[in-house]
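Student: Once you've had a glance at the structure underneath, I'll fire off some questions.
The values are calculated or read from the model by the stated rules, or taken from the named source; none is laboratory data. Source: prediction; values computed, not measured. We place every Cβ from the backbone using ideal geometry, glycine too, and count neighbours over all the protein chains shown. Side chains included, ligands, DNA and RNA excluded: accessible areas come from the protein's heavy atoms. Shrake-Rupley method; radii C 1.70, N 1.55, O 1.52, S 1.80 Å.
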Amino acid sequence: MDYFNYRSGKLYAEDVSVEKIASEVGTPVYIYSRATFLSHLRKIQKAYAELDTTVCYSIKACSNIHILKFLAEAGSGFDIVSGGELFRARQAGADTGKIVYAGVGKTDVETIDAMNAGVGYFNIESEAELENLIRLAKKSKKRVKAALRVNPDVDPQTHTYTTTGKKESKFGVDIDRAKKVFAKYGKNGIVDLSAVHIHIGSAGKTVGPYVEATKKILILIEQLRQDGFKIEAIDIGGGYGADYESNTAPSATGYAKGIVPLLKGKQLKLILEPGASIAANSSILLTRVLFLKKGGRKKFVIVDAGMNDLIRPPLYNAFHFIWPSSVEKRFVPLKKVKQAAGEGLEKVDIVGPICEGSDFFAKDRNLPPVKRGDLVTIFTAGAYGASMSSNYNSRCLLPEVLVDGDRYTLIRRRQTYEDMIALER
Ligand SMILES: *Cc1c(COP(=O)(O)O)cnc(C)c1O
């Protein structure tokens, strides 16, 4: 469910026509729907309400501080992976006690900052990191809580680049080693190692791997408790599916139905770290057709957005539904599908202006006919879109617009050439 819909053939973000935004802010532009963000967050909070649950939105999915601010106001905690994300969370007024801090390469400066900020849990990725945290916490005499990130060795059946919980992964420690880590460091008297964290990967489309992983971790927690360790929380990470195609991802309730019964009565606080399932379809990337051209048997639609603005298609071979923002009635899409069928559609490649063969958004995709100057929407661009964008080819970072009902606010202005080279002056 999202709030980007066609009305009489024209695309609206909530109650604002995207054409209006394009004419006032220019293209390309990221457009966010506040209502979509909030409805996803609230659905997750509600689905797990039976348990003592903290939803920690994963900042790296979409990091604009204005978005973090209204999510924090709606009760969200945050999953961070760097000092920069901690800074963003604090600028947004986050409750630092509801922050979980993951990442395999935390520096001493980042670690000390996070201790001083009072983050909820350090999610520990290796024994070396834990030793370092103990050393730093001892020096600064801070009370620090940590969760050990464990690899449950479960395959989320997603792209290899978004698989993070198998044995052969740089994240966390093997489930077999976890007990040894607790035996060695579990009662160090400085860092309170009192939770277990998993994150099996991103964009899985089924509940099964979560159930399997949670069951494995619960067995581990049971054994740890028998060995006298106090385990107060389980963090089952993120990676919940998002509807890149309509109605293909399990709902929040669907996941909760698998997970909640496993945790009931277990005296465990639950932490969730959803990113994409909150952010993905809360945004579109609006772009304009620059040129049409033929190449061999191919037709290309060259748009003004490029892989520097949205890298998911070349990076993960990710699918984004793409459609003109204004269409005749017969072309109004009823849902987001991999490949549209029907008369009058043309098979095209939608590509950007970057000097790389990998600069594409879609290949051999059926689209209604478009012409130079038309607006085209790349849907479900909210997760790992703006946050992964770069200045490659010395292109300016895009503006971000937040729609709330019939109003919109520019929450990041378009970067200028002067902004872009400011650090080189
Ligand atoms: C990236 C990440 C998430 C969020 O993943 P999504 O697929 O966006 O839900 C959660 N936890 C950790 C540790 C991550 O690295």
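Student: For K60, only one of the following conditions fails: (1) assigned by TED's automatic domain parsing to the domain that holds D304; (2) in contact with a Phe, Trp or Tyr (Cβ under 9 Å, 6 or more places away or on another chain). What is its number?
Tutor: Of the numbered conditions (1) assigned by TED's automatic domain parsing to the domain that holds D304; (2) in contact with a Phe, Trp or Tyr (Cβ under 9 Å, 6 or more places away or on another chain), the odd one out for K60 is (1).
Student: Is it true that some residue in the range 324-347 is among the aliphatic types (A, V, I, L, M), in contact with an Asp or Glu (Cβ under 8 Å, 6 or more places away or on another chain) and buried (at least 18 other Cβ atoms within 10 Å of the Cβ)?
Tutor: No, the range 324-347 has no match at all.
So that you can scan it fast, the table gives a plain yes or no per residue for (1) assigned to a helix (DSSP H, G or I); (2) farther than 26 Å from P324 by Cβ; (3) modelled with pLDDT of 95 or more:
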residue: I21; (1), (2), (3): yes, no, yes
residue: T27; (1), (2), (3): no, no, yes
residue: L38; (1), (2), (3): yes, yes, yes
residue: K46; (1), (2), (3): yes, yes, yes
residue: V55; (1), (2), (3): no, yes, yes
residue: D79; (1), (2), (3): no, yes, yes
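Student: Which residues, taken from the range 180-213, are over 19 Å from S251 (Cβ atoms), within 16 Å of the ligand (Cβ to nearest atom) and either touching a Cys at 6+ places or on another chain (Cβ under 7 Å) or open to solvent by 40 Å² or more (accessible area, probe 1.4 Å) (or both)?
Tutor: Those that are over 19 Å from S251 (Cβ atoms), within 16 Å of the ligand (Cβ to nearest atom) and either touching a Cys at 6+ places or on another chain (Cβ under 7 Å) or open to solvent by 40 Å² or more (accessible area, probe 1.4 Å) (or both): none in the range 180-213.
Student: So, in the range 37-76, of the ones that are touching a Leu at 6+ places or on another chain (Cβ under 9 Å) and of a type in the set (G, A, S), which residue ends up least open to solvent (accessible area, probe 1.4 Å)?
Tutor: Looking at residues that are touching a Leu at 6+ places or on another chain (Cβ under 9 Å) and of a type in the set (G, A, S), I get S76.
Student: Can you pull out every residue in the range 264-314 that is of a type in the set (S, T, N, Q), assigned to a loop (DSSP other than H, G, I, E, B) and open to solvent by less than 10 Å² (accessible area, probe 1.4 Å)?
Tutor: Within the range 264-314, just N308 meets the criteria.
Yes/no matrix, rows are residues, columns are (1) within 22 Å of A340 (Cα to Cα); (2) in contact with a strand residue (DSSP E or B) (Cβ under 6 Å, 6 or more places away or on another chain); (3) surrounded by fewer than 20 Cβ atoms within 10 Å (Cβ to Cβ):
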| site | (1), (2), (3) |
| --- | --- |
| L367 | yes, yes, no |
| K371 | yes, no, yes |
| F379 | yes, yes, no |
| S387 | no, no, yes |
| Y392 | no, no, yes |
| C396 | no, no, yes |
| P399 | no, yes, no |
| V403 | no, yes, no |
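Student: A follow-up question, please. Identify, please: which residue in the range 89-104 is part of a helix (DSSP H, G or I) and within 15 Å of the ligand (Cβ to nearest atom) and is, among those, farthest from the chain's Cα centre (by Cα)? So that I can check it myself, show each step before the final result.
Tutor: First pass over the range 89-104, keeping only residues part of a helix (DSSP H, G or I): 89-91, 96-98.
Filter once more, keeping what is within 15 Å of the ligand (Cβ to nearest atom): 89, 98.
Values: A89: 15, K98: 18 Å.
Here the residue is K98.
Student: Could you check the range 327-419 for strands (runs of 3 or more DSSP E) lying wholly inside it with 2 or more residues that are farther than 23 Å from S23 by Cα and in contact (Cβ under 8 Å) with a residue 40 or more places away in the chain?
Tutor: On the way: elements: 346-351, 360-367, 375-378, 400-404, 407-412.
Filter on the range 327-419 gives 346-351, 360-367.
Student: Quick one: is L220 surrounded by fewer than 23 Cβ atoms within 10 Å (Cβ to Cβ) and touching a residue at least 60 places away in the same chain (Cβ under 8 Å)?
Tutor: Values: surrounded by fewer than 23 Cβ atoms within 10 Å (Cβ to Cβ): yes; touching a residue at least 60 places away in the same chain (Cβ under 8 Å): yes.
Judged against the criteria, L220 is a match.
Student: If you check Y244, Y255, which single one turns out to be crowded, with 24+ Cβ neighbours inside 10 Å, within 29 Å of the chain's Cα centre (by Cα) and touching a residue at least 40 places away in the same chain (Cβ under 8 Å)?
Tutor: Y255
Student: Within the range 307-325, is there a residue that is charged (D, E, K, R) and farther than 23 Å from N391 by Cα?
Tutor: no
Student: What about S82, is it under 16 Å from the mean Cα position of the chain (by Cα) and within 15 Å of the ligand (Cβ to nearest atom)?
Tutor: When the stated conditions are applied, S82 passes them.
Student: Can you name the residue in the range 155-178 that is at pLDDT 80 or above and surrounded by fewer than 18 Cβ atoms within 10 Å (Cβ to Cβ) and, of all such residues, is farthest from the ligand (Cβ to nearest atom)?
Tutor: In this case the residue turns out to be D176.
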